[in-house]
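Below is one structure, written out as structure tokens; the observations come after it.
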Amino acid sequence: MLKLIFTGVGGQGIITAGVVLAEAAVVAEGRYATQSQSYGAEARGGLTRTDVILSDSEVLYPKIEQTHVLAALHQRGYNAHAATLRPGGVLVYDEDQVHPGPKADARCVPLPLLQAGRGANIALLGVLCELIGAVSCDSIRSVLDERYGAGSPNHEAFDLGIAMVRSGHFGPMPFGRSA
């Protein structure tokens with residue numbers, strides 16, 4: 001079972017990223033997944049969070065109290081949810097917007113995610129596929145095709161996320177299908 005929390009502010013596509021990830025696991029891979037979300041009352045700029053649990057067996061409790069992976073695109077989101085990250089977990093964050101500080105007990109992966117512009121959320125999915133194997137890259141691509149069309153800019157953003165990981169020389173992460 002793999003537990004992930006994505007956080008940021010409204011308008012960054014955090015919730016869409018969670019929905020696409022869960023859909024890829026369920027529809028494309030036949031696995032089990034839950035996805036839940038919370039967001040502030042503001043239309044844009046309010047705190048957002050999506051929780052995704054991926055599993056090869058039924059998920060009995062959809063709430064995440066400790067996460068294996070925390071992905072943060074904004075400092076406020078990181079501040080609000082940093083305590084949910086398990087010791088030794090994986091912290092993926094936008095290197096320009098989030099500053100975790102020296103006490104982060106995690107494998108830290110700073111990336112220029114927001115340089116992908118409106119596709120930062122989809123670039124994040126590319127990062128997660130390449131970095132930890134949350135789902136296969138082909139599964140995400142099939143969901144992107146279904147939702148947005150084969151030639152959409154989301155495919156470029158997804159590939160950019162994969163390229164960010166490949167160019168960063170990050171070692172193997174402790175999670176994936178077998179975790």
Checklist (1) at pLDDT below 95; (2) outside any loop (DSSP other than H, G, I, E, B) applied to Pro100, failing item: (2)
Within the range 1-96, strands (runs of 3 or more DSSP E) holding 1 or more residues that are under 23 Å from Arg107 (Cβ atoms) and within 11 Å of the chain's Cα centre (by Cα): 2-9, 47-55, 67-72, 85-94
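Rundown of residues vs (1) of a type outside the set (D, E, K, R); (2) under 22 Å from Leu131 (Cβ atoms); (3) buried (at least 19 other Cβ atoms within 10 Å of the Cβ); (4) touching a Gly at 6+ places or on another chain (Cβ under 7 Å), yes/no style:
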residue: Lys63; (1), (2), (3), (4): no, no, no, no
residue: Val69; (1), (2), (3), (4): yes, yes, yes, yes
residue: Ala80; (1), (2), (3), (4): yes, no, no, no
residue: Cys108; (1), (2), (3), (4): yes, yes, no, no
Ala134 buried (at least 20 other Cβ atoms within 10 Å of the Cβ) and either charged (D, E, K, R) or closer than 17 Å to His74 by Cα (or both): no
Leading residue by the ranking (modelled with the highest pLDDT) among those in the range 120-178 that are part of a loop (DSSP other than H, G, I, E, B) and under 16 Å from Ala71 (Cβ atoms): Val135
Failed item in (1) closer than 27 Å to Gln66 by Cα; (2) surrounded by 14 or more Cβ atoms within 10 Å (Cβ to Cβ); (3) at pLDDT below 95, with Gln115 passing the rest: (1)
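For (1) among the acidic types (Asp, Glu); (2) more than 20 Å from Val9 (Cα to Cα), each residue gets a yes or a no:
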site: Tyr78; (1), (2): no, no
site: Val98; (1), (2): no, no
site: Arg107; (1), (2): no, yes
site: Ala120; (1), (2): no, no
site: Leu124; (1), (2): no, no
site: Ala134; (1), (2): no, yes
site: Ile140; (1), (2): no, yes
site: Gly149; (1), (2): no, yes
site: Glu156; (1), (2): yes, yes
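The values are calculated or read from the model by the stated rules, or taken from the named source; none is laboratory data. Every value quoted in this text rests on a predicted model; they were computed, and no experiment measured them. Here the Cβ is made from the backbone with ideal geometry for all residues, glycine too, and neighbour counts use every protein chain on show.
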